Amino acid sequence: MTSLKVKTLFPLPRKLLKLETDDLLLWVLILLGAIAGAIILAIIAFLGIEALPVLQQVGIWRFFSDPSWNPASGSYNLTPMLWGTLLVTGGAVAIAAPIGILSAIFSHYYAPNWLATWYRRLIELLAGIPSVVYGFWGLVVLVPIINRLHPPGTSLLAGIVVLTIMILPTMTLVAEASFTEIPPEYLLGAASLGLSRWGTVWQIVLPTARSGLLAGLILQMGRAIGETMAVLMVCGNVVQVPDSLFAPMRTLTANIALEMAYALGNHRSALFVSGLALMAIVICLVIVTEVVSHPKIYD
Amino acid sequence: MNRNLTFLVASIAAVSTLTACNSSNKQLTKLTLTGSSTVAPLASEMAKRFEAKHPGVRIDVQTGGSSRGIADAESGVADIGMVSRSLKPNETQKLQAFAIARDGISPIVNAKNPVNKLTNQQIVAIYQGKINNWQQVGGKDAPITVINKAEGRSTLELFLSYFKLENSQIKASVVIGDNQQGIKTVAGNPNAIAYVSIGAAESELKEGTPIKLLPINGVEANTKTVQNSTFPLSRPLMLVTKPAPSGLAKEFLDFAQSQQVYDLVESQNFVPLTPKVAQTRN
């Protein structure tokens, strides 16, 4: 009765109001989405425009075929830095991903409640430490230790170790988040089937959380590729394809950070090319994971 | 209506005469500096302090290399050019130079390293990878970690030109960006050798960082030898003008050479010019 009364009393304004808020929300979302998209496009366009002068003068191919990276004297080989970026990222992700997932499993399914809570706080703390701090620690503690094993200490290995510690919390936190989203019925079902704890984790939890875990993998890979200061401080920055774990090397990000302050003309432009290369790697990464993960998430 | 309009016109007139008075008091309210990317950060700091003391004055600092500084000062595009080297003979005839600081570069090693001096040939051989163990130059039996500067840094250019090296000849084990990074790396590695700005190394030494500055050609590497130009690996940082400076340009040049900016010079790891101040500091 009362609801009918209200409806007859205010039929139009309510409907209008509802429409308006919905519309408003829609338009705000469209606007924000457009802004985000435009920013990405603007970044790519800016990188392209800044890189254009040197690309026009020397062409793309010379960035892979030149004898060395000496932009001041007109050699622009980027391949050693591409390799450096891929090796240090790949190494760190290969170590951090399993450890991160296992530690999330530990705190979610095995650890007693009080321990899991503390463990989680600790991981969150680890995620919040600025990368420069890790880099500085690497430079004054880790590098001298490696130097005693095999000089000069600043090396691919140091980069991998520092990056692993940095991206580990990202992986753990995202993995935990995706475990939390698993429908409780799945776990109840597993329990009623009499599956052991590890059996549940292996056969129910991991397959169900796969898309979340993949997202975590991408996130940490993105962080590892983009990391600059820590890598700059511990990797040695020599432009070469590292021939062992103890060899120094340079990543694309470190290249930009090292040289931008003093780069002019073509040199500056060449640094934007290394930015473009970085962008290309990230785009490829996103496409690959999209193709790999998408069709089979919930089959 | 009419009264309002008169009031408006009157106030506009008043304001414009006021601004006219202002601008006639200071003939020039804007200075443009272009040139060396080494001097530019120091010049911008000086400009900021100068602007704070002279309200209404704007100083525009643009980088582009020493040669641009010289070209722009000569053509009049810039009021003042910034140059991070000594002027060549044909340049000294056309331009007036005002040194604002000196920059010295010295090899550094870890304090634990027993090697106390290296000849120029030894330094060249170490950087070319021909000498790769400290034993060969009278030190311990340990491989040498060669630290080089990143491409484009002026410290690198000065080092290369003094030792007549090409960057592609250098076999580095570590490539660094700024002086601090080089000092930290040498402090953490007893077998490393690097070359850094003397000002930066001295300020780190005072804080107890375990590094050692090596002499070049037997000349001690410190602020005093850089100031009196006896240290071989150094260069002046200069501001240049074409006409004899007057007005605001002269005021700024005097300011840039005065003791009021020595703290800025030191904070950029350069060496101030008058020895008197350095003596009171040491």
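Every number in this text was worked out from the coordinates using simple rules, so none of it is lab data. Given the structure is predicted, the values throughout are model-derived calculations rather than measurements. Neighbour counts are summed over all protein chains in view; Cβ atoms, including those assigned to glycine, are modelled from backbone coordinates with ideal geometry.
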- prompt: In straight Cα distance, which aspartates and glutamates are under 18 Å from B:Lys94, not counting same-chain residues fewer than 8 positions off?
  reply: B:Asp72, B:Glu74, B:Asp79
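Apply 1/(1 + (r/R0)^6) to the Cβ-Cβ distance of A:Tyr110 and A:Leu245, taking R0 = 41 Å, and write down the FRET efficiency to the nearest 0.05. Write out the running numbers ahead of the final one.
On the way: r = 33 Å, r/R0 = 0.79.
Efficiency computed from Cβ-Cβ geometry: 0.80.
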task: Would you mind classifying the range A:159-299 by shape? Square roots of the alpha carbon gyration tensor eigenvalues, ordered a ≥ b ≥ c; an a/c under 1.5 is rounded, otherwise it is prolate if a/b is larger than b/c and oblate if not.
output: prolate
query: How far, in degrees from 0 to 90, does helix B:247-257 lean away from the longest principal axis of the Cα atoms of chain B, to the nearest 10?
result: 30 degrees
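How much of the DSSP beta bridge set in chain B is antiparallel, as a percent to the nearest 5?
Values: 22 of 36 bridges.
Around 60 percent antiparallel, to the nearest 5.
Does chain A come out rounded, prolate or oblate by the C-alpha gyration tensor, with a ≥ b ≥ c the root eigenvalues, rounded set by a/c under 1.5 and, if not, prolate when a/b is larger than b/c and oblate if not?
Working: a/c = 2.55, a/b = 1.37, b/c = 1.86.
Cα axes put chain A in the oblate bin.
Could you give the dipole magnitude of chain A about its Cα centre, charging the beta-carbon of Lys and Arg +1 and that of Asp and Glu -1, in debye to the nearest 20?
Values: 15 positive and 14 negative charges, 115 e Å.
Value, rounded to 20: 560 debye.
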field: Residue-averaged [θ]222 nm for chain B, counting only DSSP H segments that reach four residues, each worth -39500 (n - 2.57)
entry: -12500 deg cm²/dmol
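Could you quote the convex hull projected area for the protein assembly as shown, Cα atoms only and averaged over all directions, in nm²? Write down the numbers at each step before the final one.
Values: hull surface 178.5 nm².
Its Cα hull, projected and averaged over all orientations, spans 44.6 nm².
Seen from all sides and averaged, what is the projected area of the convex hull of the Cα atoms in the range B:124-237, in nm²? Could the numbers behind the result be given before it?
Working: hull surface 28.5 nm².
That works out to 7.1 nm², a quarter of the Cα hull's surface.
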task: Would you work out if the range A:226-286 is rounded, prolate or oblate? Take a ≥ b ≥ c from the square roots of the eigenvalues of the alpha-carbon gyration tensor; rounded if a/c is under 1.5, else prolate when a/b is larger than b/c, oblate otherwise.
output: oblate
message: Net charge within 12 Å of A:Val231 by Cβ-Cβ distance, Lys/Arg positive one each and Asp/Glu negative one each, not counting A:Val231 itself?
response: +1
- prompt: Using the Karplus equation 6.51 cos²θ - 1.76 cosθ + 1.60 (θ = phi - 60°), what ³J(HN,Hα) coupling, rounded to whole Hz, does each residue of the range A:260-271 give in order, writing x for Gly and Pro?
  reply: 5, 5, 10, 7, 10, x, 5, 4, 4, 4, 5, 5
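May I ask for the net charge around A:Leu29, where only other residues with Cβ less than 12 Å from the Cβ of A:Leu29 are counted and Lys, Arg are +1 while Asp, Glu are -1?
Working: positive: none; negative: A:Asp22, A:Asp23.
Spelling it out: positives minus negatives among the neighbours equals -2.
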Amide H within-cut-off set for B:Ile211, under 5 Å, with H built and near neighbours excluded: B:Ala111
- prompt: Residues with beta-carbon under 14 Å from that of B:Asn132, excluding B:Asn132: net charge, scoring Lys, Arg +1 and Asp, Glu -1?
  reply: +2
query: Which residues' amide hydrogens lie under 5 Å from the amide hydrogen of B:Gly129, considering only partners 5 or more residues apart or on another chain, with H built in the peptide plane?
result: B:Lys171
message: Give me log10 I(q)/I(0) at q = 0.10, 0.14, 0.16 Å⁻¹ for chain B, Debye formula, one equal scatterer per alpha-carbon, no solvent.
response: -0.60, -1.00, -1.20
- request: Of the DSSP beta bridges with both residues in the protein assembly as shown, give the percent that are antiparallel, rounding to the nearest 5.
  value: 60 percent
query: Nearest 10 degrees, 0 to 90: what angle lies between the long axis of helix A:210-226 and the longest principal axis of chain A (Cα atoms)?
result: 30 degrees
message: Helix B:66-75 against the longest principal axis of chain B: what's the angle in degrees, Cα atoms only, rounded to the nearest 10?
response: 30 degrees
